[in-house]
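The values are calculated or read from the model by the stated rules, or taken from the named source; none is laboratory data. Given the structure is predicted, the values throughout are model-derived calculations rather than measurements. Glycine also receives a Cβ, built like all others from the backbone with ideal geometry; neighbour counts cover every protein chain displayed.
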Amino acid sequence: MLKCLCNRKTYTKGETQMNDKATFEQDRSRLIQAVLALKNEEECSAFFEDIFTIQELHAIAQRLKVAGMLKNGMTCQHIAEETGASTATISRVNKCFHYGPGGYEIVLQRLEKEE
């Protein structure tokens, strides 16, 4: 079972290790530790290019952009036109942004401080 962290919905992924919650949590923790071990943008870029497909990387970057636009009060239609994101993606990001554990807000605040 895999739980979407922003909506707590449970998904079944067949007879894989994803059904073993302890294994999933260990793997998730290992991934988080791997990201935290990266020291700079160059290392992050190399790791992300290794671990994600181009499409996955694009989708993740797009979600972050959508979250920033939502934070700035932009409408769903404007965001869709500007980013090419589907309304389903924008809705999902909006749900996570407003009702999730706060990851988008943390990252966006820190990025604003750096700019």
*Given (1) at pLDDT 95 or above; (2) loosely packed, with under 14 Cβ neighbours inside 10 Å; (3) not hydrophobic (A, V, I, L, M, F, W, C), index of the condition ASN7 fails*: (1)
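Let's see how each residue does on (1) assigned to a helix (DSSP H, G or I); (2) of a type in the set (Ser, Thr, Tyr); (3) farther than 18 Å from GLN109 by Cα; (4) out of contact with any helix residue (DSSP H, G or I) (no Cβ under 8 Å at 6 or more places or on another chain):
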| residue | (1), (2), (3), (4) |
| --- | --- |
| SER29 | yes, yes, yes, yes |
| ILE32 | yes, no, yes, yes |
| VAL35 | yes, no, yes, no |
| GLU43 | yes, no, yes, yes |
| ALA46 | yes, no, yes, yes |
| GLU49 | yes, no, yes, no |
| LEU57 | yes, no, yes, no |
| ALA61 | yes, no, no, yes |
| ALA67 | yes, no, no, no |
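Okay, residues lined up against (1) buried (at least 16 other Cβ atoms within 10 Å of the Cβ); (2) at pLDDT 95 or above:
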residue: ASP50; (1), (2): no, yes
residue: LEU57; (1), (2): no, yes
residue: GLN62; (1), (2): yes, yes
residue: VAL66; (1), (2): yes, yes
residue: GLY73; (1), (2): no, yes
residue: ALA85; (1), (2): yes, yes
residue: TYR104; (1), (2): yes, yes
residue: GLN109; (1), (2): no, yes
residue: GLU114; (1), (2): no, no
